[in-house]
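One structure is given below, represented as structure tokens, and several questions about it will come after.
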Amino acid sequence: MLNAIRRFFGEKASGKVAAKRMQVVLMHDRMDLTPDVLECLKNDILSVLSRYMEIDQQSIRVDLEKGKEYTALVSNVHIKRVYRRALPAQNA
Amino acid sequence: MAGKTIVVTSGKGGVGKTTTVANIGTVLAKKKHSVVMLDADIGLRNLDVVMGLENRIVYNLVDIIEGKCRKEQAMLRDRKLNNLFIIPAAQTREKDAVQPEQMKELCRQLAEEFDFVIIDCPAGIERGFKNAVAGAEIAIVVTTPEVSAIRDADRVIGLLEASLLKDIHLIVNRLNYRMVKKGDMMSTEDIVNLLSVPLLGVVPESEDVVISTNRGVPLVHDRGSKAGIAFQRIAARLNGESIPFDNGYGDGFLERFKRLFRG
Ligand SMILES: Nc1ncnc2c1ncn2[C@@H]1O[C@H](COP(=O)(O)OP(=O)(O)OP(=O)(O)O)[C@@H](O)[C@H]1O
Ligand SMILES: [Mg+2]
């Protein structure tokens, strides 16, 4: 009954919610992208980008997006300003 | 020609591995194949009680491996079918009493004598799992329509593929059609999509499973049970019979998944 009311107000059926959630979870599991790895990846992206532009360090987001035939790694960063010349690469 | 070696595994505990082994083994034996079921759940054996043979155990799997008995001495014959046997696990030993290589050799020997060797794998992905899958050529992964079981199943499928065991089939157990209809349970289609391994069959949630386990008589002896019929159909598919996925016996769903099944 409660479920019927929730459904009436546009909440998705829990079976579909579960399937959707599992799709993301399994993709992360299979890619072995643990939170630590994701954190490292973010830092590396930041350090590369920082040679070319000033970045809002807090703004970076890295997500996996699944299309029908591909999985994309989508990163979103807020740029504050772009340098005229690239800074030298930092410690390797 | 050597028989088929099949491991039934899941990752998550309690999803129905032992129930599956007992029922599939029984159906294949009823079809006149010689069948041996090997309980690889060392320390937590259960196949013996599910088959109602708990009072007859003298020797076990570890005794065979350690050379304390011949394998024929550890085999218990089924109460109804004289071509069906089980080898019980040791109850008071650790999983590391057995090496994967030893399991492989035992399975090889059993496959020379039997048409089907069916291995009941323990839950988990550690040593017991590695032992259980070592000697198998075919894997059946059992899951229930729940997020944790599916996630563990996916992990197990990854490990099986990494160990070069690529002939993998899926059983969805304990499906509740009423809940799927209401949209409150993942459908078989959802699950096959997520795990992307071919479907072997679907077993409905059923009180009959509990009742038959209480009695120690596999469900498939009971003609009226829907879950029993589901197991019959699963075993028939394993036997290479072509059984459609489209009637009301527990595996009715979209046609297009037929092609996912490579019998
Ligand atoms: N389709 C079903 N409907 C109802 N109950 C079921 C069904 N399948 C299994 N069960 C019940 O679930 C419980 C666990 O089943 P089973 O022992 O076969 O799981 P398992 O995967 O072998 O567990 P373990 O990981 O502990 O070895 C049992 O009590 C069994 O009766
Ligand atoms: Mg079990």
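Find the helices (runs of 4 or more DSSP H) located wholly in the range B:6-93 whose residues include 2 or more that are within 16 Å of ligand 2 (Cβ to nearest atom), and list them.
B:17-30, B:47-50
Related question: I'm checking my understanding of the structure. Among residues of the range A:26-50 that are assigned to a helix (DSSP H, G or I) and touching a Leu at 6+ places or on another chain (Cβ under 9 Å), which one is surrounded by the most Cβ atoms within 10 Å (Cβ to Cβ)?
Once the filter is applied, the top-ranked residue is A:Leu26.
Shifting gears a bit: Can you name the residue in the range B:199-229 that is more than 12 Å from ligand 1 (Cβ to nearest atom) and in contact with a Leu (Cβ under 7 Å, 6 or more places away or on another chain) and, of all such residues, is farthest from B:Leu28 (Cα to Cα)?
Filtering first and then ranking leaves B:Leu199.
Quick one: would you say A:Glu69 is modelled with pLDDT under 90, part of a loop (DSSP other than H, G, I, E, B) and loosely packed, with under 13 Cβ neighbours inside 10 Å?
So A:Glu69 fits the description; yes.
Another one. Out of the residues in the range B:17-45 meeting the condition of being within 12 Å of ligand 1 (Cβ to nearest atom) and surrounded by fewer than 21 Cβ atoms within 10 Å (Cβ to Cβ), tell me which one is nearest to B:Asn214 (Cα to Cα).
If we take residues in the range B:17-45 being within 12 Å of ligand 1 (Cβ to nearest atom) and surrounded by fewer than 21 Cβ atoms within 10 Å (Cβ to Cβ), then B:Leu44 is nearest to B:Asn214 (Cα to Cα).
Looking at (1) within 16 Å of ligand 2 (Cβ to nearest atom); (2) in contact (Cβ under 8 Å) with a residue 40 or more places away in the chain; (3) open to solvent by 10 Å² or more (accessible area, probe 1.4 Å), which is the only condition B:Gly216 fails?
That leaves (3) as the condition not met.
The values are calculated or read from the model by the stated rules, or taken from the named source; none is laboratory data. This structure is a prediction, so every number in the text was calculated from the model and none was measured. All Cβ positions, glycine included, derive from the backbone under ideal geometry; neighbour counts span all protein chains shown. For the accessible areas, the whole protein counts, side chains as well, though only heavy atoms, and no ligand, DNA or RNA atoms are used. Shrake-Rupley method; radii C 1.70, N 1.55, O 1.52, S 1.80 Å.
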